[in-house]
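Just so you know, all these numbers are worked out from the coordinates, no wet-lab data involved. None of these values were measured; they are calculated from a predicted model. Here the Cβ positions follow ideal geometry from the backbone for every residue, glycine too, while neighbour counts run over all protein chains shown.
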Ligand code: SAH
C-alpha cells in the first residue's frame, strides 16, 4: 500500500487535485476538497463520513481516509512564562520542532521553525550549535500552528518564521505552508501578518519577490525581515559566515527589488546588539547609511546569550545610545523586548544540542 499523504502539507489546490484523482468522475475534487479543508482547519478533524458533502459518496469518504493521514505530532515538552511559551513537537522520525507563542498586547504571535537545526552557522545563535539535521515539511510547519490553535483555542493572529532554521533554505515547504496558513477557508491568517525572517539568503529573497509579483493576492503583502546585524562586511563576516556568499552590497541590491505594495509596508531589518561588536553609535550611523533608499524599520534585539556564548548583551545605556544614533540619522527603528529569555525561548535560543549529539550520522549526511 502506498504511504499515506500528510493532509496538513497540502495547499487547497493540491488537495483538489488529490481528491480529483480519487474520484470516479474527474473534475469533482474542488467541491469535496473544499469541504474537507474547511472542516480540517475549523474543527481540527479529518472525518469525511460526517460531512454532508460526502453523504452521497461514502466510497469517496473511505478512499479519503485511506489516502490521507491527519495526526498532530505529540507535545514533547513545553516551558515558559507569561512573556513567551515554548513548545516542542515530536516528529515522526523522533526529531523535535520548536515553536514559541508570544502574547503581545493585542494579539498572539507564533514563532515557527522551518528546519531542525540550521546550516547558516551564525556565531551568536543557539540553533547553529546543533548543526543542520533536516528540513521540516510543509505539514510539519502547519502542525505547529495547529497545535498552537489547540493551546490558544483559536488560531494565532500573527506568524513569524523566526524559530529554528533558515526559511529560505527550505523554500518550497515554507511557501506551501504560507499558502495553507493564509487560506481564507482555513486558519485564515492574513499574509500581511506572516513574516519570513532570513539570514539574507539572496537567491531566496529574489524568488520570494518574484512570487509576490506573480501572485500579488497570495504573496503581495508577505512581510520580509532580514537579519543584517552589522553595517559592514568585516564585522558581519565575523559573526555571520554567510556574508562571504551573500555580502552586504548584493543584499542591498536584492532588497531594493523587494515589492512594498502598501504605503505602510516596510522591510524589517533585524539587528542583534552584541556588546563591543556591533553596538557603537558610529556603527548605527553606518547602518542608517546602508539602509538609505530602502523603506525599512530596524528591530534592535538586545542579545540573548546562547549557552557558553562568547558574546554579551550590551548595557541599557549602550542600547539606548545606538537607538538614539539611528533615530538621529533618520532611520525608523524600535527596540524589541526580550521575551522568553528565562525559558531559553527567546530569539536565537532555540535548539537542542543533545539532539545533535544523538544524531551524528544525519548531520554528516547534511
Ligand atoms: N534564519 C532566520 C530566522 C531565525 S533567527 C534569520 O536569520 O533571520 C531569528 C532572529 O533572531 C534573527 O534576526 C537573528 O539575528 C536573531 N537572533 C539569533 N540569535 C539570537 C540571540 N542569541 N539573541 C538575540 N537574537 C538572536
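General remarks:
- Checking each residue in segment 66-87 for being in contact (Cβ under 8 Å) with a residue 40 or more places away in the chain and assigned to a strand (DSSP E or B) picks out 68, 69, 75, 79, 80, 85, 86, 87.
- Matching residues in segment 281-307 - criterion: being within 24 Å of residue 125 (Cα to Cα), away from the ligand (no atom under 12 Å from the Cβ) and surrounded by fewer than 17 Cβ atoms within 10 Å (Cβ to Cβ): 281, 297
- Filtered residue count, segment 192-220, keeping only those that are out of contact with any strand residue (DSSP E or B) (no Cβ under 8 Å at 6 or more places or on another chain), within 16 Å of residue 259 (Cα to Cα) and surrounded by 21 or more Cβ atoms within 10 Å (Cβ to Cβ): 1
- Elements of the type helices (runs of 4 or more DSSP H) sitting completely within segment 120-189 and holding at least 1 residues that are under 20 Å from residue 204 (Cα atoms) and away from the ligand (no atom under 13 Å from the Cβ): these cover 138-152, 171-182.
- Filtered residues of segment 190-234 (kept if touching a helix residue (DSSP H, G or I) at 6+ places or on another chain (Cβ under 8 Å), away from the ligand (no atom under 16 Å from the Cβ) and assigned to a loop (DSSP other than H, G, I, E, B)): 190, 220, 221, 232
- Of residues in segment 264-280 being out of contact with any strand residue (DSSP E or B) (no Cβ under 7 Å at 6 or more places or on another chain) and touching a residue at least 12 places away in the same chain (Cβ under 8 Å), the one surrounded by the most Cβ atoms within 10 Å (Cβ to Cβ): 278
- Boolean, residue 261 is more than 12 Å from the ligand (Cβ to nearest atom), surrounded by fewer than 22 Cβ atoms within 10 Å (Cβ to Cβ) and assigned to a strand (DSSP E or B): no
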